[in-house]
Structures are given as structure tokens and as C-alpha cells.
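Remarks on the structure that follows.
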Amino acid sequence: MQPRLASLWHDLALALWLEARLLKGSYSKALASVRNAVTLDPEQFAYWNSFGVLALSSGTENYALAQHCFIKSLQLESNNLYAWTNLGALYLLADNVQLAHQAFAKAQSLEPTALRPWVGQALIAEKVQHDDTVDLFRHCTELGNHG
């Protein structure tokens, strides 16, 4: 593999991440690969988003790094539905309901029919015991499969 091709490093990182998830292995090679991708092409917002996802992976769970990566992705592409959704999930994991709600709301404004931001809002509603919790989850089932 030509080490200067950032897209190959990114694809390798995703493959190694999936392998680690399936085999319950180490994420270190995946993290090293995605780090190579963002080093070679730091202006590619998708690489930063992937880096953030990997930073949150089981066994890694580096919230500060993940937040940095998602924010960097959004600085490069502010209309990035996936980075907004992932940032919302990070804030929800960190128990920051207000920031999670804001991130999911931004994702919903970008793509009102995207399922994952709605699931995030429903999880927030459940967490704060809001009256609309059941309606939000029902709406999620109407939007489709989130697999």
C-alpha cells in the first residue's frame, strides 16, 4: 500500500475497526490507521468523523479525543449530519443532556427524516422522563430501520 494515500489508510482503519468489533480485539491498529489518514489529509471531514467514532469504541472510549475529532469534522463541513449525530451521542454518553439535545437538533435540521438524531432525542426524553418519550420512540419506528 502506498502510505501517502489517505483514503486507503481511512478504509483500512474502518476495516480494522469492524474486525476488532467482530472479534472483540484491539482497536489500536484501527486508531493508528485513521491517525495516518488525518495526518496525510487533515482537510477531509469524513476522516475526522471516523477518528471520533474510533475514539469512542469499546476499549478506547477517549471522550476528549472524540469530541475534538467531531468538532474538527464540523469545522471542515458544518452541514455534516453524521458528525452532529455522533457529537450528540458523545454528549449523551457523557451525561450532558443539553449539549446532546443541541447536537441532535442540528442534525435533525439538516435531515429531518434521518433516524439516528430522532433516536438520540428519544433517548434524551427517556433520560429526563419527558412526557413525549413514547411519541418520540413511536416516530422513530415510523422513520424506518436504524440498523
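Miscellaneous remarks
- Top-ranked residue in segment 4-29 [being of a type in the set (Lys, Arg) and in a loop (DSSP other than H, G, I, E, B); ranked as farthest from the chain's Cα centre (by Cα)]: Arg4
- For segment 30-63, filtered to residues that are at negative phi and among the charged types (D, E, K, R), the residue that is farthest from the chain's Cα centre (by Cα) is Asp41.
- Test for Glu43: is it closer than 18 Å to Gly88 by Cα and not assigned by TED's automatic domain parsing to the domain that holds Leu93: no
- Residue that is farther than 14 Å from Ala6 by Cα and either in the same structural domain as Ala103 (by TED's automatic domain parsing) or touching a residue at least 40 places away in the same chain (Cβ under 8 Å) (or both), where the choices are Ser57, Ser73: Ser57
- Test: residue in segment 108-122 that is crowded, with 23+ Cβ neighbours inside 10 Å and within 30 Å of Leu23 (Cβ to Cβ): yes
- Conditions (1) within 18 Å of Cys140 (Cα to Cα); (2) modelled with pLDDT under 95; number of the one not met by Leu93: (1)
- If you filter segment 47-59 down to residues that are hydroxyl-bearing (Ser, Thr, Tyr) and surrounded by fewer than 18 Cβ atoms within 10 Å (Cβ to Cβ), you find that the one that is modelled with the highest pLDDT is Ser57.
The values are calculated or read from the model by the stated rules, or taken from the named source; none is laboratory data. Given the structure is predicted, the values throughout are model-derived calculations rather than measurements. Every residue, glycine as well, gets a Cβ built from its backbone with ideal geometry; the counts of neighbours run over all protein chains shown.
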